[in-house]
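The values are calculated or read from the model by the stated rules, or taken from the named source; none is laboratory data. These numbers come from a predicted model, not from an experiment. A quick note on method: Cβ atoms are made from the backbone with ideal geometry, for glycine too, and the neighbour counts reach across all protein chains shown.
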Amino acid sequence: MKACFIEDFGGREKLKVADLPRPHAGEGEVLVRIHAAGVNPVDFKIREGWLKDLFPHRFPLILGWDLAGVVEAVGPNAGRFKPGDSVYAYARLPELQKGTYAEYMALPEGRLARKPNRLSMIEAASIPLTALTAYQALEAGRLQRGESVFILGASGGVGTFAVQLAAIRGARVIGLSSAKNSAYIKSLGADAAIDYERGDFIQSAGELLLEGADLVLDCRGGDTLARGMLCVRPGGRVVSIIEIVDAEDLKKRDVRFAYIFVEPNAQQLDHIRELIEGGRFRTHVSHTFSLDEAAKAHEQMETGHTRGKIVLQTA
Ligand SMILES: NC(=O)c1ccc[n+]([C@@H]2O[C@H](COP(=O)([O-])OP(=O)(O)OC[C@H]3O[C@@H](n4cnc5c(N)ncnc54)[C@H](OP(=O)(O)O)[C@@H]3O)[C@@H](O)[C@H]2O)c1
């Protein structure tokens, strides 16, 4: 099968597209003919070798953790799906070696959920990892109806879904992005957008959130997180998907901090599908590339300024 993989860590020049053996569905597994693979920042971080101490890995290492496709075959003791079913998945496995930048992948059936009918394969592949991250971050932040949430990095992959899920939960949503994405964030359901290029965003946030946000959701880290933490109310919550912070100031103000790393969860993907089928949740794919153009997809991802999602078409 055709696959995009690396044989060594490094820059975009390490991405190779060539034939590798087609996998088989093992015990409890499903073989999926992948039609589209979502691209995420973690893909280039793995390519660079930045996660090599966190995950066991083996070369040739096929990149990619998101897929949409059709079940080709099922292995022994796998009964949830049948050949021909359309599925989508956050396909991360314990070892980095099998990935979704390929024509086929075999993975445990528990990773898969039925694909939303309303979406194309390209659209469906854009959803799992980032929508699950947004879902799990808002759960960790215990966001309730009537509360306010300030989302740092609201126009990217995770932000696009976090804004919508927070609005669905009945929260007041303020998003941080550059000015070119203000209207986009509002179209997703944000009540207000703050432009990080225009003055100090702490002041703008203070004008909108007089006592501070109930929850700050950080998708940027670094200085943005440091300043975003000053926008939470005493007794509020901060959730970061980037880094762990142990700040004295948070403790003094009785602010609860949580870091999350997204876990596969097919039930949550089922819930997200229901929201999509009900017309309450959507995706935004801003760039589509072929498997041969994976380096171009990484180049775009590495800018840190992608609106919504990037997807590779694999079939
Ligand atoms: N812990 C986890 O489980 C987990 C899961 C998913 C992702 N992540 C990480 O979370 C980060 C975001 O992921 P993503 O998929 O959302 O990335 P992305 O799609 O590349 O997000 C880029 C977005 O960030 C915005 N942005 C750039 N600079 C900003 C700034 N200074 N302030 C506010 N917004 C800014 C950009 O908006 P403008 O173009 O308007 O600047 C762009 O829309 C990545 O580092 C990723 O690896 C972690």
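Table for the structure above
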quantity	calculated
Number of positions in region 93-119 that are in a loop (DSSP other than H, G, I, E, B) and either buried (at least 22 other Cβ atoms within 10 Å of the Cβ) or free of Cβ contacts under 8 Å to residues at least 60 places away in the same chain (or both)	9
All positions within region 50-75 that are out of contact with any strand residue (DSSP E or B) (no Cβ under 9 Å at 6 or more places or on another chain) and of a type outside the set (A, V, I, L, M)	Trp50, Asp53
Tabulated pairs, region 1-26, first more than 20 Å from Ala106 (Cβ to Cβ), second part of a strand (DSSP E or B) and of a type in the set (Val, Ile, Thr), C-beta under 6 angstrom, 6+ apart or interchain	Lys14/Ile6
Residue identified as more than 11 Å from the ligand (Cβ to nearest atom) and touching a Lys or Arg at 6+ places or on another chain (Cβ under 6 Å) among Tyr88, Tyr101	Tyr88
Conditions (1) assigned to a helix (DSSP H, G or I); (2) in the same structural domain as Gly141 (by TED's automatic domain parsing); (3) touching a residue at least 40 places away in the same chain (Cβ under 8 Å): number failed by Leu250	(3)
Set Phe201, Phe257: member being of a type in the set (A, V, I, L, M, F, W, C) and either within 11 Å of the ligand (Cβ to nearest atom) or without any contact (Cβ under 8 Å) to a residue 12 or more places away in the chain (or both)	Phe201
Matching residues in region 232-273 - criterion: being of a type in the set (S, T, N, Q) and loosely packed, with under 15 Cβ neighbours inside 10 Å	Gln267
Every residue from region 205-232 that is without any contact (Cβ under 8 Å) to a residue 24 or more places away in the chain and either touching an Asp or Glu at 6+ places or on another chain (Cβ under 6 Å) or more than 10 Å from the ligand (Cβ to nearest atom) (or both)	Glu207, Leu210, Glu211, Gly221, Ala226
Which listed residue is over 17 Å from Glu147 (Cα atoms) and either part of a helix (DSSP H, G or I) or not charged (D, E, K, R) (or both), from Ala193, Ala226, Ala205	Ala226
Identity of the residue in region 178-194, within 11 Å of the ligand (Cβ to nearest atom) and under 16 Å from Ala213 (Cβ atoms), that ends up nearest to the chain's Cα centre (by Cα)	Ile185
